[in-house]
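Asks: Take a look at the following structure, please.
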Amino acid sequence: MRILIVEDEVPVARQIAAALTEDGHDPKVVHSGEAALDEMSKKPFDLFVLDVRLPGIDGFELLRRLRTQHLASRVLLLTARSAVDDRVSGLQLGADDYLPKPFAMRELIARVRALGRRYPEEPVLSLRVADLTLDLSAHDVHRGVQKIELSPRELMLLKVLMREPGRVFTRTELCERVWEHEHEYDTKLVEVFIGRLRKKLGEPPLIHTIRHVGYTIQGLEATVPTPRKGHRQRRP
């Protein structure tokens, strides 16, 4: 992938670029938001590795401009490990993933690879799981021919699940992606909203609970994963 690294710590930026080059990508490094905007105007990038705390134009403003222009580029945010608000704000603005600093370079490479697999090159206009469809532009949800009315929070929760069908999300992870502020985090809220979604989506169920792990959405033909016997899962 063609990747723009926006990182004001020069040694860190160089290490990221070297690791991405070794992994077969084509990275470009800039050290400010202004320089990033200049590069964005010259050519498209498949992915941005974007530090939140930049001098001048910060990572949030860059992310806003990216999404305002409806660019399909994926965004991996780099945040301080303790900055939960930064991570939540970034996801709400349209980031695809985040990585707290300091991080292991192999984890960054793994996340970049995952983002490369997650979306096709063309912008995704709708999501589909079995007979359930979600129109991302109109925010319409249909099960077969029946339109389903969802609240904004229910819609956001469904969108997170449908972007990666088959992936099991922990309750904590769903809280971070759907609820905006740390003080609102309550994993029991996830259970409530999952229950509402199940009721509205109808039968047969598409959203499944993986005991002691979290939730996943699966097509009707898929096998729902179950924890291995004898393997204790940590509660999310």
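Asks: Just to be sure, is Thr133 among the hydroxyl-bearing types (Ser, Thr, Tyr), modelled with pLDDT of 90 or more, in contact with a strand residue (DSSP E or B) (Cβ under 8 Å, 6 or more places away or on another chain) and surrounded by 15 or more Cβ atoms within 10 Å (Cβ to Cβ)?
Replies: Working: among the hydroxyl-bearing types (Ser, Thr, Tyr): yes; modelled with pLDDT of 90 or more: yes; in contact with a strand residue (DSSP E or B) (Cβ under 8 Å, 6 or more places away or on another chain): yes; surrounded by 15 or more Cβ atoms within 10 Å (Cβ to Cβ): yes.
Judged against the criteria, Thr133 is a match.
Asks: Of all residues in the stretch 9-52, how many are touching a residue at least 40 places away in the same chain (Cβ under 8 Å) and in a loop (DSSP other than H, G, I, E, B)?
Replies: Number satisfying all stated conditions: 7.
Asks: Same structure, new question: What residue, of Asp58, Asp51, is at pLDDT 90 or above, on the phi < 0 side of the Ramachandran plot and surrounded by 14 or more Cβ atoms within 10 Å (Cβ to Cβ)?
Replies: On the way: Asp58 fails: at pLDDT 90 or above.
Result: Asp51 is the single residue among Asp58, Asp51 that is at pLDDT 90 or above, on the phi < 0 side of the Ramachandran plot and surrounded by 14 or more Cβ atoms within 10 Å (Cβ to Cβ).
Asks: When both residues are 6+ apart or on different chains and their Cβ atoms are under 8 Å apart, which pairs have a first residue that lies in the stretch 69-84 and is surrounded by 17 or more Cβ atoms within 10 Å (Cβ to Cβ), and a second that is modelled with pLDDT of 90 or more and part of a loop (DSSP other than H, G, I, E, B)?
Replies: These pairs meet every condition: Leu78/Glu7.
Asks: Oh, and also: For the stretch 180-203, does any single residue satisfy the condition of being touching a Gly at 6+ places or on another chain (Cβ under 7 Å), surrounded by 12 or more Cβ atoms within 10 Å (Cβ to Cβ), at pLDDT 90 or above and of a type outside the set (Phe, Trp, Tyr)?
Replies: Our first condition is that a residue be touching a Gly at 6+ places or on another chain (Cβ under 7 Å); within the stretch 180-203, this holds for none.
So far as the stretch 180-203 goes, no, none of its residues is touching a Gly at 6+ places or on another chain (Cβ under 7 Å), surrounded by 12 or more Cβ atoms within 10 Å (Cβ to Cβ), at pLDDT 90 or above and of a type outside the set (Phe, Trp, Tyr).
Asks: Going through the stretch 53-86 one residue at a time, which ones are within 21 Å of Pro11 (Cβ to Cβ) and part of a helix (DSSP H, G or I)?
Replies: Within the stretch 53-86, Gly59 is the sole residue that qualifies.
Asks: Another one. Do the conditions hold for Leu157, that is, is it at pLDDT 90 or above, touching a Gly at 6+ places or on another chain (Cβ under 9 Å) and surrounded by 19 or more Cβ atoms within 10 Å (Cβ to Cβ)? Quick ask: steps written out before the conclusion?
Replies: Values: at pLDDT 90 or above: yes; touching a Gly at 6+ places or on another chain (Cβ under 9 Å): no; surrounded by 19 or more Cβ atoms within 10 Å (Cβ to Cβ): yes.
When the stated conditions are applied, Leu157 does not pass them.
The values are calculated or read from the model by the stated rules, or taken from the named source; none is laboratory data. Treat the numbers as computed from the prediction; the structure is a model and nothing was measured. FYI the Cβ positions are ideal-geometry reconstructions off the backbone, even for glycines, and counts take in every protein chain you see.
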